[in-house]
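S.K.: Handing you this structure, nothing more for now.
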Amino acid sequence: MRIKQLLIGITASVIAISSYVEIAVADLKFPMLVYRTGAYAPNGIPNADGFVDYYKMINARDGGIGGEKILHPECETGYKTQVGVECYEKNKKDAMVFQPMSTGITYQLIPKATADGVTVYSTGYGRTSAANGKVFKWIFNAPATYWDGATHMIRHIRKENFGNIKGKKVALIYHNSAYGKEPIRTLQEAAKKHGFKLSLLPVDHPGQEQKATWLKIRKSRPDYIFMWGWGVMNQVAIKSASSIKFPMDKFIGIWWSGSENDVLPAGQGAHGYKALTFNAPGANYQVHKDIKKYVFAKGEQSGDGSHFGTVLYNRGLFQAMVQVEAAVVAQKIHGTSKITPAMYRDGMEAVDLSAERMAELGFKDFAPPFKNSCENHGGSGLAAVQQWDAKAKKWSLITEYMYGDKSITEKLIAEDSAKYAAEQKIAERCN
Amino acid sequence: MSVELLNFIETVLNGLMSGVMYSLVALGFVLIFKASGVFNFAQGVFALFAALTLVGYQTGQVPFAHLINELFGTNYHNWYASMPNFLAIILTMITMIALAWIIERLVLKHLVNQDPIILFMATIGLAFALEGVGDLMWGSDVKVLDVGIPSGGSIWLEEATIGLAAEGSDYYGMYIDVLNVWATVIAVILVITLALFSQYTKTGRALRAVADDHQAALSVGISLRTIWILVWAISGFIAMVAGIMWGTESGVQFSLSLIALKALPVLILGGFTSIPGAIIGGLLIGVGEKLAEIYIGGYFETGALENWFAYVMALAFLLFRPQGLFGDKIIERV
């Protein structure tokens, strides 16, 4: 009798486990490395909310991707590199793609994900030379890289100075981390090319105290300040710039230094501050309407919904949309809805987000078009400048989307990726 | 005067002002350590919690709104549009007193006579728990804190000093943030009030008695528990002042709790048991780190001395004077 019961129990367990495995394989797993706690939570939360609301909308509106539901388990990193790596290890099984949301974590994941055969998508951050698909098979950083960003800033100030910035003083204030240091090489090359003087001003984590840095800036009177900041560093820097009466329209942040969180604490002092962006601000796009209809109306929004339409929320929507689109493309390429991580990578490499396709997806005029390819994982490099209106409390695009200066970035990308390929003994592909 | 000398004076002045901001945090540590021998790791989180609570009251935010809405399917976010600053500050003070009472009831009462390391570990737990409660109560967004304290560079000082440099020199006047001047005034008032309270009131004398000798204080009928609640409440009040000053500068956000790390070198320099030590230590650290960043920072490729130089100073002090400038001398009886 006992043996019979044992056999029945084992059989039932096997059936239960196999049915679970079937469900797990059928669903598409998009693990999320988030930071909803800690010093960088004010930036991490709206971004993560954008991802979650988009995934929920796709599940509710379309029944998932090609009929396969999206699973999006969250793992809290607190923006800590080591914890991010642990999150990756915990969630990598059957994962389609990882979005590390930290340049430090991305650097750590590049060799691991390459060995494991998992796609890493660091949207506009991470290792710039990963744009070279010939070397970085599994890593993508479209639609624009930090080096594109640095050249966009130069392009913008050159335009303001009728093409001549020779002798101008440019200060780079940056988060003293892998992220903040990323544009230095490009700016040094650009300084040689255009004849401006570059000074480097690192700020240690978290950046709550920057008085000495701003005393230096006040004394050296740079013509322009560029910023690669994150979290409280941005708020303190913008407030300090306003405090020393630095002209805010000469202060330009990278796309991670241009959210509402960064400018609101400085009040009217932040008026005129500029930042790059590769997606538009606002909440009047079709995707927002769909999220309202399929997610908010059911009370299923992530958090309290207060970040809806903010810069970082919209960034999250954009990132999630690209990740979902890669799965759609992979399903088409391989003729199956049940794609594997390797098939997903093929999809990401073949993503072609034309203006028409973005309009179909509810992102009409939300972001410039871009296309990945075997050689190019860095997208178009297009980005625009947005400016903060402190009275109206809103960001507005003040330029068209511009291309970066490929004459500088392509050479640097080739050099850096060749160095990485030699270190890791990677043979170039796409030939 | 030469521009170099004027710049040097400006750096020292700004260092002193920053030092006052560090001292505001360090004061809370010193008070609790003096009265109970507990190194309160949660002091930075106290400042954060006080600032979050103040903004919450100011803006009429419903505490635990997210949790309530999740559990009951409601959609509450705000009770009212705004509250006068004065009233919000009073309510925050009451909240900090209530918090002190809760900590005494739930944590300290159960750890009387435990080793200092156990109490220290308890405050680490308290720091993380309070940070979590703060998040649940008020959310993680960056909040704008405005209690009417002016901020920004002092135009008066700039104009008054611009003529001090030789004519034709490249000098733009001296810079000081008005917020830091206010912080200095408030810190001075705070220290004087604390000194008067501890010298001339019965409760203040009881507090000093407990600080000198717990056992002796107990033997003359002083309630240790009441004193602990009182001292934690005063520290909560100081944390609120520190939270207001730092929160006005950067917005109220969770990185505010890390200001406690700025207080550590101040305490090592000034001593864990001395209120004047916390002030002098803060000033020395403030000036030291600003001078280091501006005058020798350029020699370091990585830069950013401002953040870690304070710890170099503290380490040097630990080697030669471990009790700090004004701390009680360490006597080991064999």
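S.K.: How much length would be gained if the chain were fully extended between A:LEU397 and A:LYS338, taking 0.36 nm per residue of separation minus their Cα-Cα distance, in nm to one decimal?
M.R.: So the extension gain works out to 17.2 nm.
S.K.: Going by how many other beta carbons lie within 10 Å of each one, how would you line up A:CYS75, A:CYS374, A:CYS87, fewest first?
M.R.: Listing A:CYS75, A:CYS374, A:CYS87 from fewest to most nearby Cβ atoms yields A:CYS374, A:CYS75, A:CYS87.
S.K.: I would also like to ask the following. Taking the stretch B:212-316, which chymotrypsin sites (Phe, Trp or Tyr not before Pro) meet the DSSP loop condition and have no more than 15 other C-beta atoms within 10 Å?
M.R.: B:PHE300
S.K.: What's the angle, to the nearest 10 degrees (0 to 90), between helix A:211-220's Cα axis and the longest principal axis of chain A?
M.R.: 40 degrees
S.K.: Calculate the spin-label point distance for A:PHE296 paired with B:PHE64, positioning each point 7 Å from the Cα along the beta-carbon direction, and give it in nanometres.
M.R.: 2.8 nm
S.K.: Still on this structure: On a 23 Å Cα-Cα criterion, which of the cross-link pairs A:LYS168/A:LYS391; A:LYS169/A:LYS393; A:LYS250/A:LYS391 come out too long?
M.R.: Checking Cα-Cα distances, A:LYS168/A:LYS391; A:LYS169/A:LYS393 exceed 23 Å.
S.K.: Moving on. What residues qualify as long-range amide H neighbours of A:THR119, i.e. H under 5 Å apart, gap of 5 or more or another chain, H built at 1.01 Å from N?
M.R.: Under 5 Å from the amide H of A:THR119: A:PHE98.
S.K.: If I model a spin label as a point 7 Å beyond the Cα along the Cα-Cβ vector, how far apart are those points for B:THR203 and A:PHE162 in nm?
M.R.: Taking the simple label geometry, B:THR203 and A:PHE162 are separated by 7.1 nm.
S.K.: Related question: Counting Lys and Arg as +1 and Asp and Glu as -1, each charge on the Cβ, what is the dipole of chain A about the Cα centre in debye, to the nearest 20?
M.R.: 1140 debye
S.K.: Further question on the same structure: Under the rule of -39500 (n - 2.57) per DSSP H run of 4 or more residues, summed and divided by the residues of chain B, what mean residue ellipticity at 222 nm is obtained, to the nearest 500 deg cm²/dmol?
M.R.: Value at 222 nm, helices only, nearest 500: -22500 deg cm²/dmol.
S.K.: Kindly provide the chymotrypsin sites (Phe, Trp or Tyr not before Pro) of the stretch A:361-431 that DSSP labels as loop, not H, G, I, E or B, and whose Cβ sees at most 16 other Cβ atoms within 10 Å.
M.R.: Here the sparse-neighbourhood loop sites are A:TYR403.
S.K.: If the viscosity is 1.306 mPa s and the temperature 10 °C, what Stokes-Einstein diffusion coefficient in µm²/s follows for the stretch A:141-271 when Rh is the Kirkwood radius over Cα pairs?
M.R.: 108 µm²/s
S.K.: Continuing with the same structure: For the stretch B:38-263, state the average projected area of the convex hull of the C-alpha atoms over all orientations, rounded to one decimal in nm².
M.R.: The directionally averaged projection comes out at 16.8 nm².
S.K.: Right, next: What ranking of B:ILE32, B:ILE118, B:ILE68 emerges when the number of other C-beta atoms within 10 Å of each C-beta is taken as an exposure proxy, fewest first?
M.R.: Fewest to most other Cβ atoms nearby, the residues stand as B:ILE118, B:ILE68, B:ILE32.
S.K.: If you don't mind, another one. Pull out the extension gain between A:GLU86 and A:SER373, defined as 0.36 nm times the separation in residues minus the alpha carbon to alpha carbon distance; nm, one decimal.
M.R.: Roughly 100.3 nm would be gained on extension.
S.K.: Using Cβ contacts closer than 10 Å as the measure, can you line up B:LEU196, B:LEU319, B:LEU179 from fewest to most?
M.R.: B:LEU319, B:LEU196, B:LEU179
S.K.: Return one number: the angle in degrees, 0 to 90 and rounded to the nearest 10, between the long axis of the Cα atoms of helix A:81-91 and the longest principal axis of the Cα atoms of chain A.
M.R.: 20 degrees
S.K.: Moving on. Measuring from centroid to centroid over Cα atoms, what is the spacing of the stretch A:295-372 and the stretch A:189-229 in Å?
M.R.: 36 Å
S.K.: Hey, another quick one. Which listed residue (B:ILE222, B:PHE86, A:SER177) has the Cα farthest towards the positive end of the charge dipole for the protein assembly as shown, taking +1 on Lys and Arg C-beta and -1 on Asp and Glu C-beta about the Cα centre?
M.R.: Value computed over the given set: A:SER177.
S.K.: If you don't mind, another one. Pop out the Kirkwood hydrodynamic radius of chain A from its pairwise C-alpha distances, inverse of mean 1/r, in Å to one decimal.
M.R.: 22.4 Å
S.K.: A further question on this structure: Under 15 Å Cα to Cα from A:LYS69, which aspartates and glutamates show up? Leave out anything in the same chain fewer than 8 places away.
M.R.: A:LYS69 reaches A:GLU22, A:ASP27, A:ASP53, A:ASP94, A:GLU325.
S.K.: State to the nearest 20 debye the size of the charge dipole of the stretch B:86-206 about its Cα centre, where the only charges are +1 on K and R beta carbons and -1 on D and E beta carbons.
M.R.: 960 debye
S.K.: Once a ≥ b ≥ c are taken as the square roots of the eigenvalues of the Cα gyration tensor of the protein assembly as shown, is the result rounded (a/c under 1.5), prolate (a/b larger than b/c) or oblate (a/b not larger than b/c)?
M.R.: Verdict is oblate for the protein assembly as shown.
S.K.: Right, something else. Any idea how far the Cα center of the stretch B:155-211 sits from the one of the stretch B:1-78, in Å?
M.R.: With the stretch B:155-211 and the stretch B:1-78 each reduced to a Cα centre, they are spaced 18 Å.
S.K.: Still on this structure: Mind putting a number on the dipole of chain B about its Cα centre? Charges go on the C-beta only, +1 for Lys and Arg and -1 for Asp and Glu, and I need it in Debye to the nearest 20.
M.R.: With only Lys, Arg, Asp and Glu charged at Cβ, the dipole is about 1580 debye.
Every number in this text was worked out from the coordinates using simple rules, so none of it is lab data. Everything numeric here is computed off the predicted structure, so don't read it as measured data. Every residue, glycine among them, receives a Cβ derived from its backbone with ideal geometry; neighbour counts consider all protein chains shown.
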